[in-house]
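> Mind looking over this structure? Questions follow.
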Amino acid sequence: MKAGIVVFPGINRERDMAIALHASTGRAPAMLWHKNADLTGLDLVVIPGGFSYGDYLRCGAMAAQSPAMAAIRAHVARGGYLLGVCNGFQILTEAGLLPGALLRNAGLRFLSMDCHLRVERADTAFTNGYRAGEVFRAPMAHGDGNYFADDATLDRLEGENLVALRYATAEGVVTPEANFNGAARNIAGILSPSLRVMGLMPHPEDLVDPLMGGTDGKPLFDALAALEVA
Amino acid sequence: MAQQVNEALAKQFGLSADEYGRVLAIMGRTPSFTELGVFSVMWSEHCSYKSSRVWLKTLPTKAPWVIHGPGENAGVVDIGDGLAAVFKIESHNHPSFIEPYSGAATGVGGILRDVFTMGARPVANLNALRFGDPKLAVTKRVVDGVVRGIGGYGNCVGVPTVGGEVNFHPAYNGNPLVNAMTVGIADRNKIFLSAAAGIGNPVVYVGSKTGRDGIHGATMASTSFEKDSEEKRPTVQIGDPFVEKLLIEACLELMATDAIIAIQDMGAAGLTSSSVEMAGKGDVGIELDLDHLPQRETEMTAYEMMLSESQERMLMVLRPDRQEMARAIFAKWDLDFAVIGHLTDTGHIVVKHNGVVEADIPLAPLADQAPLYHRPTSETPKRTALGAVADSVGIRAALLSLLACPDLASRAWIWDQYDSTIGGQTVKRPGAADAAIVRLDGYTRALALTTDCTPRYCQADPELGGMQAVVEAWRNITATGGKPLAITDNMNFANPEKPEIMGQFAAAIRGMAAACVALDFPVVSGNVSLYNETQGQPILPTPAIGGLGVLEDAAQAVGQAIAPGQTLVLVGETVGWLGQSLWLREIAGREEGPPPPIDLADERRNGDFVRGQILSGAVRACHDVSDGGLLIAVAEMALAGNTGVTLNATGDHGFWFGEDQGRYVLAVTDAAAVLAAAAAAGVPAAAIGIAQGEGLTLPGIDPISLTEAREANERFFPAWMN
């Protein structure tokens, strides 16, 4: 599996992502500066977290208009896998590669804490390291992670089974208390209809080492290590 | 700017009549407006340390592992594996009161630059914060803004904020303290310094453009606040963490080449101090042509450009043959890159603008003849002994009150706004251990990091308080298993022109120095912030200490969380010292008596024993006993591990809440072995209880459930701020 990480200016979790991918795939992913990102031959492209262009406009809005997005769209069009985490998720919604938007957290403050995620479907390239209904822990670190879409879109996402992860209690119950940022229907991560694009707000890449408090995030990267674009 | 330069204008600029006379003697003529500006900021308290230098010189700064002590942008210590830790703490007190968000944010930005300018990638941020009475609306506004500012900058720039401390006291009502610390990692053989060299070499400006923000910030930071502090808002700078992130990456990319001869960030006093210090340290002259300076605003004068404290800017001297390669790196990162001058053999700083020489100052006397004051000191009178204090509320009520008080309440509301996990190396997050533990990417080695000071001790006895601040940092590192290596100090005091304040400063330095020597824990960098008083109300003397230690194996680090079945062992001697304790202040409503004494030999012996036990694998959790005393330490361990404790020791309020120094609580599985080892080492130790059950159980007292204790501990911040 060949992975590449696209780095926009202000992206800052690219090294965390590289560590997680390296640990699961056995090789260092390509680090691709947005100005000359060549995605040829990659199975997986990742847009990691951070504050692209400072997020001084809506989060992710500037990067979504960047020339590098053309190559990323082409990668998806030819069947490549694409993962957007945190700011990467925001960029994918701004670019229209995933529906909805990420609003300011309901409490209007940046939130840095662990959350629990319930795996809503485990038959995708991103989630098949988990069982459906399984709960795993992941750090979150964002000011704008409150997933929003209109009811029709939310109904369609649920109807087409495209919700990948929901905020839940450690026991796997979806409650308002477990939904720290106020996301619509507790949505933490969603999939494209092709199941080849996933966006999520939390950071499984920061929980892949027992010394850092656990390996809950590792199955996600182990699963990705196994994928190959047909 | 056709203002006439004279003694009256110099006074407005913060120079005394005597200092202005010295300027005239050096120049041999009336200085220009720009020249007066340069002298005034270089000779400000903030840049010249004119009141504190004589005392700072007495601090121990050497150890075999110290690579660079005070005098560089940050301190540098050898941490093994060919690596060096580069670290420093710095204040942004005055700006943070005027404009809390931006003041705190730029404080973080400034200290980050001090560290990466030496070639280190920043891996951790910490802070030390003091605020006024929580009952005041202004305190709430300042806390909210400062926390948002620290998070806003640190989270965006992508450096984890892993630790810190927060105290409240009315003495900080009009003058909060915001001290920010950054730790970076570099190749120990590739440290970048600021001494310029090579006549004719280009002087290069990189980073953000220069605007009119922050002009005379260093001078503002060198005076007390009066009622007009709001009007000083224009002197507060605005930070741009996005540009800082780009600047870090661009500088580190350039530092991987051989292009840089010298580099310094533009911090306090901006282009003036960076150019003067780089040329001065290198014993060369420097000529700047401000026509080439990247500018954000039009019609800026030479004076404004030289004194602007616009953020996210660096000054470098490059090898001429590497100039274009360097330019390409900064173009890649979309940052300004401008050759704004060159080094000369004149020994002068010459500043040109629009073809006119706006300043021409000899560098040697600007530095050598900078004012140096032996200000009068008076000793703080010793506090009289406290005597017996009756326990009016009982142990149970006191515990719940203390757990809930602003100085001991859970800080989770604050930490939860700081990204503490970015980088993927945070082994112990805020609150998990006495010091934050950050592993070094690609190594098993880890850093143990802490910030500490107990200002109420310093107020009662500055010498003992200075000593205690150093000891507490050493103890917090020790309690994780870390080997303490060195400290950075942030000396926050009031008006040094008052003998009692200068006396506090001198005494604190004495106490710190004694502790540094006894514990092999030298000072390698620091910052002095004076004139911390508003309308005559001085702050408590606050020598905040940032401590750095190292663990060879991150897996050996222990935190505070206990687990069922472990035995709690108290290490150290307990006499029940209530003078200046939190119990006395919060329960009895008195801030009296002398603070607890410190025996440095005992500290060393007890701490070395504890660290040895941790590294031998005998200890599952450890917490030092500090604010609030023994029962607070035990309660914090119980809450961290979500496990109750049955205590079998008995004692009065002095025993449970006294703040005797040199103590630790260890959670162990083989108590007999640990107690035997303690006896062999001559260390006082006793088993005091067992980790088990759902609550805290003490002989003769109704059990306190963990739920009740947690509710008390977690109430304050959310109730206050939300």
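The values are calculated or read from the model by the stated rules, or taken from the named source; none is laboratory data. Given the structure is predicted, the values throughout are model-derived calculations rather than measurements. Quick reminder, even Gly has a Cβ in these numbers, built from the backbone with ideal geometry, and neighbours come from all protein chains shown. Side chains included, ligands, DNA and RNA excluded: accessible areas come from the protein's heavy atoms. Shrake-Rupley method; radii C 1.70, N 1.55, O 1.52, S 1.80 Å.
> Within the bounds of segment B:242-254, is there any residue that is more than 14 Å from chain A (Cβ to nearest Cβ), modelled with pLDDT of 75 or more and more than 13 Å from B:PRO95 (Cβ to Cβ)?
In the first step, residues of segment B:242-254 are kept if they are more than 14 Å from chain A (Cβ to nearest Cβ); the result is B:251, B:254.
Okay, now just the ones that are also modelled with pLDDT of 75 or more, so B:251, B:254.
Now narrow it down to the ones that are more than 13 Å from B:PRO95 (Cβ to Cβ): B:251, B:254.
Yes: one or more hits.
> Would you call B:GLY151 assigned to a helix (DSSP H, G or I), within 14 Å of another protein chain (Cβ to nearest Cβ) and either touching a residue at least 40 places away in the same chain (Cβ under 8 Å) or in contact with a strand residue (DSSP E or B) (Cβ under 7 Å, 6 or more places away or on another chain) (or both)?
yes
> Here's a follow-up. Can you tell which of B:ARG429, B:ARG439 is closer than 24 Å to A:ARG109 by Cβ and modelled with pLDDT of 95 or more?
B:ARG429
> Here's another thing I want to ask about it. Can you spot a residue in segment A:156-167 that is closer than 20 Å to A:GLY107 by Cβ and free of Cβ contacts under 8 Å to residues at least 60 places away in the same chain?
yes
> Within segment A:42-67, count every residue that is at positive phi and of a type in the set (Gly, Ala, Ser).
Of the residues in segment A:42-67, 3 are at positive phi and of a type in the set (Gly, Ala, Ser).
> Oh, and also: Within segment B:566-611, track down each residue that is assigned to a strand (DSSP E or B) and surrounded by fewer than 21 Cβ atoms within 10 Å (Cβ to Cβ).
Once the filter is applied, which keeps residues that are assigned to a strand (DSSP E or B) and surrounded by fewer than 21 Cβ atoms within 10 Å (Cβ to Cβ), segment B:566-611 yields only B:THR567.
> How many of the residues in segment B:374-395 are farther than 19 Å from B:GLY593 by Cβ and buried (at least 16 other Cβ atoms within 10 Å of the Cβ)?
Number of matching residues: 3.
> Then there's this: Please work out if B:ARG585 is more than 20 Å from B:VAL471 (Cα to Cα) and under 27 Å from the mean Cα position of the chain (by Cα). If you could, list the steps in order and put the result at the bottom.
On the way: more than 20 Å from B:VAL471 (Cα to Cα): yes; under 27 Å from the mean Cα position of the chain (by Cα): yes.
Answer is yes for this residue.
> Turning to a different aspect of this structure: Could you tell me which numbered condition B:GLY239 fails, if it satisfies all but one of (1) within 14 Å of chain A (Cβ to nearest Cβ); (2) surrounded by 24 or more Cβ atoms within 10 Å (Cβ to Cβ); (3) modelled with pLDDT of 95 or more?
Of everything listed in (1) within 14 Å of chain A (Cβ to nearest Cβ); (2) surrounded by 24 or more Cβ atoms within 10 Å (Cβ to Cβ); (3) modelled with pLDDT of 95 or more, B:GLY239 misses just condition (3).
> Okay, next question. Which condition from (1) among the β-branched types (Val, Ile, Thr); (2) free of Cβ contacts under 8 Å to residues at least 24 places away in the same chain; (3) away from chain B (no Cβ under 14 Å) is the one that A:THR153 breaks?
(2)
> Filter segment B:241-276 for residues that are touching a Ser or Thr at 6+ places or on another chain (Cβ under 6 Å) and either of a type in the set (S, T, N, Q) or closer than 30 Å to B:GLY149 by Cβ (or both) and give the result.
Selection gives B:VAL243, B:ILE263, B:GLN264, B:ASP265, B:MET266, B:GLY270.
> In segment A:130-188, how many residues are over 18 Å from the mean Cα position of the chain (by Cα), part of a loop (DSSP other than H, G, I, E, B) and closer than 17 Å to A:LEU97 by Cα?
2
> What are the residues in segment B:473-488 that are among the hydroxyl-bearing types (Ser, Thr, Tyr) and touching a helix residue (DSSP H, G or I) at 6+ places or on another chain (Cβ under 7 Å), if any? Steps first, answer last, please.
At the first step, the residues of segment B:473-488 found to be among the hydroxyl-bearing types (Ser, Thr, Tyr) are B:478, B:480, B:488.
Matches in segment B:473-488: B:THR478 only.
> Let me ask something additional. Which of (1) farther than 28 Å from B:GLY80 by Cβ; (2) open to solvent by less than 10 Å² (accessible area, probe 1.4 Å) is the odd one out, the single condition B:PRO499 does not satisfy?
Here B:PRO499 meets the rest and fails (2).
> Right, another one. I'd like the residue in segment B:126-148 that is within 14 Å of another protein chain (Cβ to nearest Cβ) and touching a residue at least 60 places away in the same chain (Cβ under 8 Å) and, out of all such residues, is surrounded by the fewest Cβ atoms within 10 Å (Cβ to Cβ).
First, the residues of segment B:126-148 that are within 14 Å of another protein chain (Cβ to nearest Cβ): B:143-148.
With the extra rule that they be touching a residue at least 60 places away in the same chain (Cβ under 8 Å), the set shrinks to B:143-144, B:147-148.
Details: B:VAL143: 23, B:ASP144: 16, B:VAL147: 26, B:ARG148: 18.
Out of the qualifying residues, it is B:ASP144.
> Sticking with this structure for a sec: Within segment A:115-150, count every residue that is out of contact with any Cys (no Cβ under 9 Å at 6 or more places or on another chain), touching a residue at least 40 places away in the same chain (Cβ under 8 Å) and crowded, with 17+ Cβ neighbours inside 10 Å.
Result for segment A:115-150: 18.
> From A:PRO193, A:PRO202, which residue is surrounded by fewer than 18 Cβ atoms within 10 Å (Cβ to Cβ), part of a loop (DSSP other than H, G, I, E, B) and either within 12 Å of chain B (Cβ to nearest Cβ) or not basic (Lys, Arg) (or both)?
Details: A:PRO202 fails: surrounded by fewer than 18 Cβ atoms within 10 Å (Cβ to Cβ).
Testing whether each residue is surrounded by fewer than 18 Cβ atoms within 10 Å (Cβ to Cβ), part of a loop (DSSP other than H, G, I, E, B) and either within 12 Å of chain B (Cβ to nearest Cβ) or not basic (Lys, Arg) (or both) leaves just A:PRO193.
> Filter segment B:535-566 down to residues that are within 23 Å of B:ILE89 (Cα to Cα) and of a type outside the set (A, V, I, L, M, F, W, C), then give me how many there are.
7
> Which of the helices (runs of 4 or more DSSP H) found entirely inside segment B:1-77 contain at least 1 residues meeting this: touching a residue at least 60 places away in the same chain (Cβ under 8 Å) and within 31 Å of the chain's Cα centre (by Cα)?
Once the helices (runs of 4 or more DSSP H) in segment B:1-77 are filtered for at least 1 residues that are touching a residue at least 60 places away in the same chain (Cβ under 8 Å) and within 31 Å of the chain's Cα centre (by Cα), what remains is B:17-27, B:33-42, B:45-48, B:53-56.
> Condition (residue is without any contact (Cβ under 8 Å) to a residue 24 or more places away in the chain and touching a helix residue (DSSP H, G or I) at 6+ places or on another chain (Cβ under 6 Å)) applied to segment B:456-472: is it met by at least one residue?
The answer is no; no qualifying residue exists.
> Among (1) open to solvent by 20 Å² or more (accessible area, probe 1.4 Å); (2) over 23 Å from B:LEU519 (Cα atoms); (3) β-branched (Val, Ile, Thr), where does B:THR117 come up short?
Evaluating B:THR117 over (1) open to solvent by 20 Å² or more (accessible area, probe 1.4 Å); (2) over 23 Å from B:LEU519 (Cα atoms); (3) β-branched (Val, Ile, Thr) leaves (1) as the failure.
> On to the next question. So, in segment B:612-625, exactly how many residues are crowded, with 18+ Cβ neighbours inside 10 Å, over 27 Å from the mean Cα position of the chain (by Cα) and outside any helix (DSSP H, G or I)?
Adding up the residues that qualify gives 2.
> Which numbered condition in (1) within 12 Å of another protein chain (Cβ to nearest Cβ); (2) buried (at least 24 other Cβ atoms within 10 Å of the Cβ); (3) charged (D, E, K, R) is the only one that B:ARG475 fails?
(1)
> While we're looking at this one, here's another question. Starting from residues that are surrounded by fewer than 21 Cβ atoms within 10 Å (Cβ to Cβ) and among the hydroxyl-bearing types (Ser, Thr, Tyr), keep the ones in segment A:54-91 and report whichever is farthest from A:GLY199 (Cα to Cα).
Per the criteria, the residue is A:TYR56.
> What pairs come up if the first residue lies in segment B:324-351 and is away from every other protein chain (no Cβ under 14 Å) and in contact (Cβ under 8 Å) with a residue 24 or more places away in the chain, the second is open to solvent by less than 60 Å² (accessible area, probe 1.4 Å) and of a type in the set (Ser, Thr, Tyr), and their beta carbons are under 6 Å apart, counting only those six or more places apart or on different chains?
Once the first residue is away from every other protein chain (no Cβ under 14 Å) and in contact (Cβ under 8 Å) with a residue 24 or more places away in the chain and sits in segment B:324-351, its partners that are open to solvent by less than 60 Å² (accessible area, probe 1.4 Å) and of a type in the set (Ser, Thr, Tyr) give B:ALA338/B:TYR205; B:ILE340/B:TYR205.
> Which one of B:GLY207, B:GLY184, B:GLY211 is at pLDDT below 95 and open to solvent by less than 10 Å² (accessible area, probe 1.4 Å)?
Of B:GLY207, B:GLY184, B:GLY211, the one residue that is at pLDDT below 95 and open to solvent by less than 10 Å² (accessible area, probe 1.4 Å) is B:GLY211.
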